[in-house]
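The values are calculated or read from the model by the stated rules, or taken from the named source; none is laboratory data. What you see is a predicted model, and the numbers here were worked out from it, not measured in a lab. Cβ sites come from the backbone with ideal geometry, for glycine too, and all protein chains shown count toward neighbours. Protein only, heavy atoms only, side chains kept; ligands, DNA and RNA dropped before computing areas. Shrake-Rupley method; radii C 1.70, N 1.55, O 1.52, S 1.80 Å.
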Amino acid sequence: MNILVIHGPNLHLLGKRQPEIYGHQTLEDINAALDRQAAASPHDVMLKIFQSNHEGEIVSVIGGHINWADGVLINPAAYTHTSIAIRDAISTVALPVIEIHLSNIYAREAFRHHSYISAVALGVIGGFGAQSYTLALEAMIQHLQAG
Ligand code: CA2
């Protein structure tokens, strides 16, 4: 199973700024944990991992993997709350998508309470820090395995 992982804007700063909100793990730490989890899986799990600060690039990465990916894990970061373009890209590829957040967006400012992505996602996992990603990968593997 081929799983595309997308990290949205500013997530390259993880572990380097605002650790009180986003934790001490870097994006490299999270990616390494996902790679280890994929390698340890009894299923044949291939990951491709991207980070981008650009909305159009994220749209292109999603569309460009329509024939490769069986599922997508995405932390759209601030684009969660603004991007109809990323939502439309997800609807168009019609792949199972899990929306991920490090923080619990509902326990934060009101402008973070609405997600344009959730309605087109298979599910949403947030509030568990870096573990949100590993929980999401496990959920996606089980979903694809069951299907
Ligand atoms: O909790 C999450 O994962 C978010 O998607 C993170 C976004 C935020 O806009 C969403 O509301 C919730 C922000 C990502 C910025 O990441 C940083 C990491 C370190 C330092 C500064 C920003």
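So, in region 96-108, exactly how many residues are under 19 Å from I49 (Cα atoms) and either in contact (Cβ under 8 Å) with a residue 40 or more places away in the chain or open to solvent by 70 Å² or more (accessible area, probe 1.4 Å) (or both)?
Count: 3.
Restricting attention to region 69-83, does a residue exist that is more than 16 Å from L4 (Cβ to Cβ), of a type in the set (D, E, K, R) and surrounded by fewer than 21 Cβ atoms within 10 Å (Cβ to Cβ)?
The answer is no, given that none of the residues of region 69-83 is more than 16 Å from L4 (Cβ to Cβ), of a type in the set (D, E, K, R) and surrounded by fewer than 21 Cβ atoms within 10 Å (Cβ to Cβ).
Just a yes or no: is a residue in region 57-64 within 16 Å of the ligand (Cβ to nearest atom), open to solvent by less than 20 Å² (accessible area, probe 1.4 Å) and under 19 Å from I105 (Cβ atoms)?
yes
Name the single residue, out of those in region 8-39 being modelled with pLDDT under 95 and part of a helix (DSSP H, G or I), that is farthest from the ligand (Cβ to nearest atom).
E20
Six or more apart or on different chains, Cβ atoms under 8 Å: show the pairs whose first residue is in region 116-141 and closer than 26 Å to D44 by Cβ and whose second is part of a helix (DSSP H, G or I) and β-branched (V, I, T).
Here the result reads A121/I90; A130/I30; Y133/I30, each pair linking region 116-141 to a residue that is part of a helix (DSSP H, G or I) and β-branched (V, I, T).
Looking only at region 112-133, how many residues end up being out of contact with any helix residue (DSSP H, G or I) (no Cβ under 6 Å at 6 or more places or on another chain) and assigned to a helix (DSSP H, G or I)?
4
If you scan region 40-70, which residues turn out to be part of a helix (DSSP H, G or I) and over 18 Å from G8 (Cα atoms)?
Within region 40-70, just A40 meets the criteria.
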